[in-house]
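Beneath this line is the structure, given in structure tokens, with notes to follow.
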Amino acid sequence: MKFTYNKKEKLKSNKLIDALFADGKSISVYPLRLVFLETTFSEPIKIKTGVSVPKRNFKKAVDRIRIKRVMREAYRRNKSELFNNITTQYAFMILYIGTEKATYSKLEPAMIQLFKKFILAQKN
């Protein structure tokens, strides 16, 4: 499996994002929260993912962009564990719920825990 995060894997549909927050389920591992919804796509992709950092906690765009970049990198490097354990298609939104600036060394273990928790939730 390639460790990429290309355009087809990005969640961009406003209808799907609205449905995700209206009908989706949520899992949290501080400082991350995963909102997910089982869905179908026209492309043969298992997961479409988006990341978000609240403006309320980080006023400067530079800080929000930095955290998003780190979150996408942690997702990209660890998504193989997730892709190998699911069979249906999902829409994901990963939210940063912490209040301090994140580093990769803090976000990567949280991302791995989040994926493990999601896989356990799907098996039950």
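The values are calculated or read from the model by the stated rules, or taken from the named source; none is laboratory data. Owing to the predicted nature of the structure, the values given are computational and were not obtained by experimental measurement. A quick note on method: Cβ atoms are made from the backbone with ideal geometry, for glycine too, and the neighbour counts reach across all protein chains shown. In case anyone asks, the SASA skips ligands and DNA or RNA and just uses the protein heavy atoms, side chains included. Shrake-Rupley method; radii C 1.70, N 1.55, O 1.52, S 1.80 Å.
Below is a table of values for the structure above.
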{"quantity": "Checklist (1) touching a Leu at 6+ places or on another chain (Cβ under 9 Å); (2) modelled with pLDDT of 95 or more applied to residue 60, failing item", "calculated": "(1)"}
{"quantity": "Residues of segment 94-124 classified as over 30 Å from residue 59 (Cβ atoms) and in a strand (DSSP E or B), total", "calculated": "0"}
{"quantity": "Residues of segment 7-27 that turn out to be free of Cβ contacts under 8 Å to residues at least 12 places away in the same chain and within 14 Å of the chain's Cα centre (by Cα), as a count", "calculated": "1"}
{"quantity": "Subset of segment 22-44 (residues that are touching a helix residue (DSSP H, G or I) at 6+ places or on another chain (Cβ under 8 Å), assigned to a loop (DSSP other than H, G, I, E, B) and of a type in the set (Val, Ile, Thr))", "calculated": "39"}
{"quantity": "Of residues in segment 1-21 being touching a strand residue (DSSP E or B) at 6+ places or on another chain (Cβ under 9 Å) and part of a helix (DSSP H, G or I), the one least open to solvent (accessible area, probe 1.4 Å)", "calculated": "20"}
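For every residue, the table says whether it meets (1) part of a helix (DSSP H, G or I); (2) crowded, with 16+ Cβ neighbours inside 10 Å.
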position: 50; (1), (2): no, yes
position: 56; (1), (2): no, no
position: 62; (1), (2): yes, no
position: 65; (1), (2): yes, no
position: 68; (1), (2): yes, yes
position: 71; (1), (2): yes, yes
position: 82; (1), (2): yes, yes
position: 85; (1), (2): no, no
position: 92; (1), (2): no, yes
